[in-house]
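Everything below concerns the one structure shown next.
Throughout, read-outs are computed from the coordinates displayed, never taken from laboratory work. In this text the structure is predicted, and so the values were computed from the model without any measurement. Backbone-built Cβ (ideal geometry, glycine too); neighbour counts: all protein chains shown.
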Amino acid sequence: MTDMSLEIPALFSVQGKTALVTGGSSGLGLIMAEALLRGGASVVIASRKQSRCDEAKNNLSEFGECHAFAADMTLPEDRQALCAYVDEIFGSRGLSILVNNAGANWGAQIADYPDDAFAKVMNTNVNAVFSLTRDLLPSLRRAAIAPDPARIVNIGSMDGLHVPIVQRVPTFAYSASKAALHHLTRSLAVDLGSQHITVNAIAPGFFQSRMTDYVLKEFGADIAADSPMGRAGEPQEIAGALLYLVSRAGAYTTGIVLPVDGGTHISKGRREWMQDV
Ligand SMILES: NC(=O)c1ccc[n+]([C@@H]2O[C@H](COP(=O)([O-])OP(=O)(O)OC[C@H]3O[C@@H](n4cnc5c(N)ncnc54)[C@H](OP(=O)(O)O)[C@@H]3O)[C@@H](O)[C@H]2O)c1
């Protein structure tokens, strides 16, 4: 006898789901938006620059139903407009998947680390995620059912799990903000579980993007050496983690922080002597 619940393509399918990916116009957000579209979901991407949103939407439309909305997640009026747009596009279907991916970073030595940069990073990576999530709850609840909960996925970072050093310049606010986002994920998971909404975080290691272009170019060899796997991540490796968390396969997983970093945060990298073992 065949157990239909173990039919593998259906287990990881996002067919017919609705999704919002913040920061979906470039980097990891663009990859995740493409993965959701290829899997059959309808997707709204949102980021600040209209031109980047339009360009990404044009490219992504090849893979499915994609909408784009220009909004700054740190501005309450922009978040409100985005929530109204999501309601207009998805209506009574509600929002099945929210990917809080938009993020900011700042690097400087401690004596020169500006207060306003610290505040901006915290505001983008933590405060705005909380506010947007709260404001989208009515829409998420409409899509949520016990056997297939609505899903929130926060994009944290391995830098919220360890103290990063390879880029040479300290990123105090970034690490603190990602650690805060990981714990916010746990608090939200406890609060929203009974409403059939899961909340998880992905903590990526280094992936090619606008944010990491410079460090990967300058310190690529150190980044590789710092990882037990000896390399940076590939697009399909972030896409796969997301698809697990937002498909039926991940329906009973909530409150986790899933590192996708080749083991970098638990290791000081490979050692010369390991080649001989
Ligand atoms: N790439 C990595 O190696 C890596 C590693 C760990 C964690 N992450 C995390 O992954 C997420 C995506 O980063 P990425 O590497 O893909 O960088 P990216 O290519 O620079 O993408 C960032 C995206 O966020 C948008 N954005 C930034 N601030 C925003 C705001 N206030 N409101 C709305 N949208 C905003 C940007 O578009 P606009 O500029 O047009 O707004 C862009 O679409 C971030 O949370 C980052 O911390 C990345």
| task | Neighbouring Cβ atoms within 10 Å as the yardstick, rank Leu11, Leu245, Leu28 fewest first. | result | Leu11, Leu245, Leu28
| message | Suppose R0 equals 35 Å. What FRET efficiency, 1/(1 + (r/R0)^6) with r the Cβ-Cβ distance, do Tyr244 and Ala108 give to the nearest 0.05? | response | 0.45
| In this model, which of Lys217/Lys268; Lys178/Lys217; Lys57/Lys217 are farther than 26 Å apart at the alpha-carbon? | Lys57/Lys217
| field | Val260 long-range amide H proximity, modeled H, under 5 Å | value | Ala203, Gly205
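Over the range 11-261, what relative contact order in percent results from Cα pairs under 8 Å that are six or more residues apart?
Value for the range 11-261: 20 percent.
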| said: Can you compute 3J(HN,Hα) from phi for each residue in the range 182-191, using the Karplus curve 6.51 cos²θ - 1.76 cosθ + 1.60 with θ = phi - 60°, rounded to whole Hz and x for Gly and Pro? | reply: 4, 6, 4, 4, 5, 4, 5, 4, 5, 6
| task | Report, by chain and number, residues whose modeled amide H sits under 5 Å from the one on His162, excluding near sequence neighbours (fewer than 5 apart, same chain). | result | none
| request: Please list the non-local residues whose amide H lies under 5 Å from the amide H of Ile152, H modeled 1.01 Å from N, same-chain partners needing a gap of 5 or more. | output: Leu98, Thr198, Val199, Asn200
| said: I'd like the Karplus ³J(HN,Hα) series for the range 56-64: coefficients 6.51, -1.76, 1.60, θ = phi - 60°, whole numbers in Hz, and an x wherever there's a Gly or Pro. | reply: 5, 4, 4, 5, 6, 4, 4, 9, x
| Can you run phi through the Karplus equation (6.51, -1.76, 1.60; θ = phi - 60°) for the range 38-46 and list ³J(HN,Hα) in whole Hz, with x for Gly and Pro? | 4, x, x, 7, 8, 10, 9, 9, 9
| Inter-part distance where the range 1-25 and the range 96-144 are each reduced to a Cα centre, Å | 26
| task | Count the DSSP beta bridges whose two residues both fall in the range 123-277, then state the antiparallel fraction as a percent rounded to the nearest 5. | result | 10
| Considering only DSSP beta bridges with both partners in the chain, what is the antiparallel share in %, to the nearest 5? | 5
